[in-house]
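Presented below is the structure to which this report refers.
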Amino acid sequence: MENDIHSAAVAGRALVFGGSGQIGEPLLAQLLAAGWAVTAVSRQAHVDTPGVHWVQADLYGFWRDGQAFDAVISCGPLDNFVRWYAGSDIRSPRVVAFGSTSAEVKQDSAEPAERDVARRLREAEQLLFATAAERGVAATVLRPTLIYGAGRDKTLTSIARMAKRTRLLVLPSCAKGLRQPVHVQDLAKAVLQVLPAAVSHGQAYAVGGGEVLPYNQMVRRVLATLQPRPLLLRVPTPLFVWALRKAHGKGRLLGMNEAVLERMRDPLAFDIEPARRDFGYAPRAFQVQEGMFVGAGENVDEALPEH
Ligand SMILES: NC(=O)c1ccc[n+]([C@@H]2O[C@H](COP(=O)([O-])OP(=O)(O)OC[C@H]3O[C@@H](n4cnc5c(N)ncnc54)[C@H](OP(=O)(O)O)[C@@H]3O)[C@@H](O)[C@H]2O)c1
């Protein structure tokens, strides 16, 4: 059932990839509130709701569709989205896609896999801008920093879950690198702000949070949302590295590699002034509250933080 999709009263018709994701969910809600009619693509089956028509499809496949939309928005993996976009015959004058600040952060990583992520992100951005320019389409890329707010992220939520399970979180003393966590609602709002901004055409913007703080303080605030509150133990970095190698020897904590450790001391703060200036981006400070990362009584898992 294509609810309201063809209504003349809609603000516009958007095709959204990643609408089931942590940015995508609030984005669908904000688009609907602003009067957009949404066609959302997911690999899973979803039930249509007023204003949202779901299409079950995979970006890996060749889902071709000659339909016309006012905007195509990607909150899914950028490289897959761009490959699909370049091969599709979709008609839309506007494309907004999420990439990642990892395109910069990981390009000089000690880990080949991380350098590969950065390369794929940069190549995807280039292909998106080139394809859009060929077609006379206005494209914008939004590069978020570390995302939080949906309780589904692989960094702060993973840290909270691990700490809740063990009642203890151990950090190396070097974990003081600056961080700029950004709330998923602010990223969703950024899409609505950037859509009409002609100055943003052909541009990529860092979209970080409204507060920059050291890694250990960010983690301390996350732990303060948990009941009972886990202990944060800071140990000398060489001792942490020694313990980590021991754990690796036993096949544990393999996701916590030297590159992740190295990044804990790196300043990962980005200039959000261009986004403020060009489309009024105004993210909140790092606001956390009880239940935001791990709800009371929620089962916790063994996932490792990614940043
Ligand atoms: N998480 C972070 O800290 C972070 C930081 C910087 C940038 N980013 C970027 O921000 C964007 C959104 O991130 P997120 O954390 O909100 O993502 P997410 O929660 O992991 O959701 C990803 C979405 O992409 C869709 N998707 C994945 N593979 C697909 C495929 N092959 N075909 C169709 N759809 C596919 C998924 O839809 P279905 O499962 O329903 O198919 C899901 O809705 C991504 O580009 C990500 O790289 C994330």
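Please specify each residue of region 154-186 satisfying the condition of being assigned to a helix (DSSP H, G or I) and over 17 Å from Ala269 (Cβ atoms).
Thr157, Ser158, Ile159, Ala160, Arg161, Met162, Ala163, Lys164, Arg165, Thr166, Val184, Gln185
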Would you be able to say whether some residue in region 33-40 is open to solvent by less than 40 Å² (accessible area, probe 1.4 Å) and either in contact (Cβ under 8 Å) with a residue 40 or more places away in the chain or among the acidic types (Asp, Glu) (or both)? no
Matching entry among Ala45, Ala97 (being in contact (Cβ under 8 Å) with a residue 40 or more places away in the chain, within 13 Å of the ligand (Cβ to nearest atom) and either assigned to a loop (DSSP other than H, G, I, E, B) or under 15 Å from Thr131 (Cβ atoms) (or both)): Ala97
Against the condition open to solvent by 10 Å² or more (accessible area, probe 1.4 Å) and either in a loop (DSSP other than H, G, I, E, B) or touching a residue at least 60 places away in the same chain (Cβ under 8 Å) (or both), how does Val199 come out, does it pass? yes
Give the residues of region 138-152 that are open to solvent by less than 10 Å² (accessible area, probe 1.4 Å) and either free of Cβ contacts under 8 Å to residues at least 60 places away in the same chain or more than 19 Å from Glu104 (Cα to Cα) (or both), sorted by residue number. Ala139, Tyr148
Regarding region 64-76, can at least one residue be identified that is within 9 Å of the ligand (Cβ to nearest atom), outside any loop (DSSP other than H, G, I, E, B), open to solvent by less than 10 Å² (accessible area, probe 1.4 Å) and within 21 Å of Ala138 (Cβ to Cβ)? yes
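The values are calculated or read from the model by the stated rules, or taken from the named source; none is laboratory data. Here the structure is a predicted model, which is why all the values come from computation and not from measurement. In this analysis, Cβ positions are derived from the backbone assuming ideal geometry, glycine residues included, and neighbour counts consider all displayed protein chains. Protein only, heavy atoms only, side chains kept; ligands, DNA and RNA dropped before computing areas. Shrake-Rupley method; radii C 1.70, N 1.55, O 1.52, S 1.80 Å.
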